[in-house]
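Student: I'd like to ask you about the structure that follows.
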Amino acid sequence: MIRDLNVKVLIPARSGSKGIHKKNIRPLLGKPLVDYTILEALKLVANENIFLSSDAKDILQRGNELGINILQRPEEISNDDSTANDLIAHFIEEKELNDESIIIYLQPTSPLRNASHISAAFEIFRKQEEGTVISVAPSKQLPHKSLKLNSINQLEPVINTHKDITNRQDMPSTFYPNGAIYIFKSKFFLEQRTIPEPKIPYLMNDFESIDIDDILDFKIVEILMRKENEL
């Protein structure tokens, strides 16, 4: 358990989704997708410190049924153009969080992220004075080998480098944010008006890092979870 009373878990789960209709409430092996994140958070944080933010009655009802706090998301920050920063700012203001409040931001589209991952990321965060611990995974697509189209429809490197690097092992390691875990203090969010810099990594593997964006992702996660349950 995380016993720091300043810790607040925020789970964003709006109703709309371009890739999958009502994605956050869609059943995954018999449970709504959002349940997986709520249940893992409950293993670490008291239910009164977990908040489910949504504009959908059926999603908020799941929060009620699982015994956590619900936060009605205003319409103006519930459309496709709304950002995580909009939601976090609303949460801090609505709950009047103090400067020492620590927000663990968990997106429900990462159902393979579990309590052990959150706990390990929080241990990294405890050693930091500022910034954000963010979960990442190793990038397979290396930016030094990526190409783009120029103005005359020819391919050219995305990153121009004076050093000719041809071997993969000679290239610097790169990572991408997998969207599973963000941990930061409300104080630094309000100062920067965004998820705070600097970013400190918590590394997860490819399996754990799957973020459900479309129906193919959903089917892949179903297959992986079934196989894991069979072991």
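Student: From the phi of every residue in the range 117-129, what ³J(HN,Hα) in whole Hz does the Karplus formula 6.51 cos²θ - 1.76 cosθ + 1.60 yield, where θ is phi - 60° and glycine or proline is x?
Tutor: These are the phi-based 3J(HN,Hα) values: 5, 4, 4, 5, 5, 5, 5, 5, 4, 4, 8, 9, 8 Hz.
Student: Only bridges with both residues in the chain count here: give the DSSP antiparallel percent, nearest 5.
Tutor: Working: 14 of 31 bridges.
Beta bridges within the chain, antiparallel portion: roughly 45 percent.
Student: Okay, next question. Rank Glu208, Glu156, Glu130 by mean-square fluctuation in a GNM of the chain with C-alpha springs under 10 angstrom and give only the top-ranked residue.
Tutor: Largest GNM mean-square fluctuation: Glu156.
Student: In terms of modelled amide H atoms, which long-range or inter-chain residues lie less than 5 Å from the amide H of Leu203?
Tutor: The answer is Val136.
Student: Taking the Cα atoms of the chain alone, what are Rg (to one decimal) and Dmax (as a whole number) in Å?
Tutor: Over the chain's Cα set, Rg and Dmax evaluate to 19.1, 59 Å.
Student: Residue by residue, what Karplus-based ³J(HN,Hα) values in Hz, rounded to whole numbers, does the range 8-23 have, using 6.51, -1.76 and 1.60 with θ = phi - 60° and x for Gly and Pro?
Tutor: 10, 9, 10, 10, x, 8, 6, 6, x, 7, 6, x, 9, 5, 6, 3
Student: If you don't mind, another one. How big is the shadow of the Cα convex hull of the range 23-144, averaged over all directions, in nm²?
Tutor: Working: hull surface 38.9 nm².
If I average the Cα hull's projected area over directions, I get 9.7 nm².
Student: Moving on. Each residue of the range 130-143 in turn: what ³J(HN,Hα) in whole Hz from Karplus with 6.51, -1.76, 1.60 and θ = phi - 60°, glycine and Pro shown as x?
Tutor: Values per residue, Gly and Pro as x: 7, x, 10, 8, 10, 6, 9, 9, x, 7, 8, 8, 7, x Hz.
Student: Rounded, prolate or oblate for the range 96-231? Axes are the square roots of the Cα gyration tensor eigenvalues, ordered a ≥ b ≥ c, and the cut-off for rounded is a/c under 1.5.
Tutor: Working: a/c = 2.03, a/b = 1.26, b/c = 1.61.
It comes out oblate by the Cα gyration axes.
Student: Further question on the same structure: Looking only at Ile11, Ile92, Ile183, which one moves most when the chain is put into a Gaussian network model with springs between Cα atoms under 10 Å?
Tutor: Comparing Ile11, Ile92, Ile183 in the GNM, the peak value goes to Ile92.
Student: Where the accessible area of the range 10-90 is counted over protein heavy atoms with a 1.4 Å probe, how much of it, in %, is carbon and sulfur? All intermediate terms of the calculation are to be shown ahead of the outcome.
Tutor: Numbers: 1690 of 3600 Å².
Carbon-and-sulfur percentage of accessible area, whole number: 47.
The values are calculated or read from the model by the stated rules, or taken from the named source; none is laboratory data. Predicted, not measured: the structure shown is a model, and the values here were computed from it. These accessible areas exclude ligands, DNA and RNA; they are computed on the full protein's heavy atoms, side chains included. Shrake-Rupley method; radii C 1.70, N 1.55, O 1.52, S 1.80 Å.
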